[in-house]
1. Which of the trypsin sites (Lys or Arg not before Pro) found in segment 385-438 are in a DSSP loop and have at most 11 neighbouring Cβ atoms, other than their own, within 10 Å?
2. Could you work out how far apart the two model spin labels at Glu388 and Asp39 are, taking each label as a point 7 Å from the Cα in the direction of the beta carbon, and quote it in nm?
3. I'd like the GluC sites (Glu not before Pro) in segment 1-84 restricted to DSSP loop residues with at most 10 other Cβ atoms within 10 Å, sorted by number.
4. Which trypsin sites (Lys or Arg not before Pro) in segment 157-204 sit in a loop by DSSP (not H, G, I, E or B) and have at most 10 other Cβ atoms within 10 Å of their own Cβ?
5. So what is the orientation-averaged projected area of segment 2-63, using the convex hull of its C-alpha atoms, in nm²?
6. For the cross-link pairs Lys348/Lys471; Lys44/Lys259; Lys92/Lys423, which exceed 30 Å when the distance is taken from alpha carbon to alpha carbon?
7. Below 8 Å, C-alpha to C-alpha, sequence gap of six or more: please give me the relative contact order for the chain in percent.
8. What FRET efficiency would be calculated for the residue pair Asp165, Ala66, taking the C-beta separation as r and a Förster radius of 35 Å, to the nearest 0.05?
Amino acid sequence: MILENIKVDRAGGRGVAVGKSADGKTVLVRGAAPGDVVDVRVLKRKKNFYEGRVDRVVEASPLRVAPSCAHTESCGGCPWQHLGYPSQAEFKGHEVEEQLVRVGGVSRDQAEWRPFVPAPTPFRYRNKTEFSFTSNRWRTRGELDANPEAETEPGLGFHVPGFWDKILDVQDCHLIPAYGNEIRNALRDEALALGLSFWHPRAKVGALRTAMLRSNQAGDWMLIIQWGEHPGPDGFTLMHRMTERFDRLVSLYWGLNEKVNDSMYDVDLHLFHGVEALEETMDSAIDGGRALRFLISPKSFYQTNPVQAHRLYAEALSAADLQGGETVYDLYTGTGTIALFMAQVAAKVVGVESVPEAVAAAVRNAERNGITNTAFEVGDMRRLFTPEFVARHGAPDVVVVDPPREGMHPAVVAELARIKAPKLVYVSCNPSTQARDVSMLAEAYEVERVQGVDMFPQTFHVESIVLLRAKTAGTR
Ligand SMILES: C[S@@+](CC[C@H](N)C(=O)[O-])C[C@H]1O[C@@H](n2cnc3c(N)ncnc32)[C@H](O)[C@@H]1O
């Protein structure tokens, strides 16, 4: 079904633009820009709305730009690439505000709405990317029309959205530095030259399965290859050639993954070449402070846009406005990055995180930076964050929370409401769940300031930091 001449009037969440159909229903369109008039191919039809993608642009919005990436039609990794970056930043800032006002119940004149922080480099900012090998690469509509009988070809790239078994061969991903594209392309070409087979996702056979690239801001690179079968002499020749060809490839790991899924987190990895971990440094964001150093090993978490991660942490630190001597909780601490930032000023910081490996990395990162006033606990926030926890660590002066996209469990929100920490800094990667949690905290806290930050240009993701202040002292 095609809806004709739909006037698109705004950007919605998750990379869809929004218009109205002739029968008065909301139309959510992928691939459209606010200001466009488009024909929409309907993919889902619900009682109150349609969901679809652009079939034809009837009138192009002045906000449109030509996507710089050749893969944009099939890739799905950059759903806002057809919008100029200033418009992307504007819409993301607006989304944060809208959610907090509409869902969070924050009044527009109650809080300080700080100007949105866009990314200085809207392309080639990612320091980590995972690619999949395939024995049968995805063909675009244009390629199929030109040559419907073409034989299968191997490829190395990204999953096509909505298909676990279809892989788009990628020549130039605009989200990663050019050197990373060179490494990936050379890996594919050298592997083919050696006659190595590529993974068949349905049959679950093939030698080469996935490749992950990680890098630091100094320009060092790590490559992690998962093999579907033991590499053998040609496999080792491939890895050797890669290290000979790329002098900035300072670390190469391999692992044998014979499981059903591609995840490498439970696969034993072997260091084939170079150093065990990359080292990343981040300015302290404190006058006269030392830069913090973090280890990036194959499985460890590190923010994927390091430039904007620094700005996010600096904003969180500024919102906390530590004077020295405070007890800070950093809840959902990951590898302890925010905790270490806060620990430079606070008397002590207590971090909580559910992934034991992340906590081990947080402890190591504290040691490497000579930071001795942090403590980390492993556990599920819902069970760990109790009155007993607060009694054990002392009532916090500042609480920082940075939960996953789902936001916080109601039990966690209830405990935060009970303790009424003087300052609560809520860092979020999902404005809608953040707004929901803020509304549940409304009796205990009021929103003082809001700061949106773009960590992931070209995508629909947006981060925001909300500073809440306790209305009265709580039961601490
Ligand atoms: C958005 S990340 C924040 C990481 C960290 N603040 C940073 O900037 O690197 C959220 C973290 O919460 C952890 N997490 C998710 N659910 C959790 C839970 N129920 N209890 C404790 N930690 C949880 C995840 O493992 C992840 O490390």
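1. Numbers: sites: Arg392, Arg405, Arg418, Lys420, Lys423, Arg436; in loops: Arg405, Lys420.
Answer by residue number: Arg405.
2. 6.5
3. Numbers: sites: Glu4, Glu51, Glu59, Glu73; in loops: none.
Sparse-neighbourhood loop GluC sites (Glu not before Pro): none present.
4. Working: sites: Lys166, Arg184, Arg188, Arg202, Lys204; in loops: Lys166, Arg202, Lys204.
Passing both the DSSP loop test and the Cβ count: Arg202.
5. On the way: hull surface 14.3 nm².
Quarter of the Cα hull surface area: 3.6 nm².
6. On the way: Lys348/Lys471 24 Å; Lys44/Lys259 34 Å; Lys92/Lys423 25 Å.
Where the Cα-Cα span goes over 30 Å, the pairs concerned are Lys44/Lys259.
7. On the way: 1041 pairs, mean separation 63.6, N = 476.
This gives 13 percent for the chain.
8. Working: r = 31 Å, r/R0 = 0.88.
E(calc), rounded to 0.05, equals 0.70.
FYI, it's all coordinate maths here, none of it is from the lab. Being a predicted model, the structure only gives us computed values, none of them experimental. With ideal geometry, Cβ positions are generated from the backbone for all residues, glycine too; neighbour counts draw on all protein chains shown.
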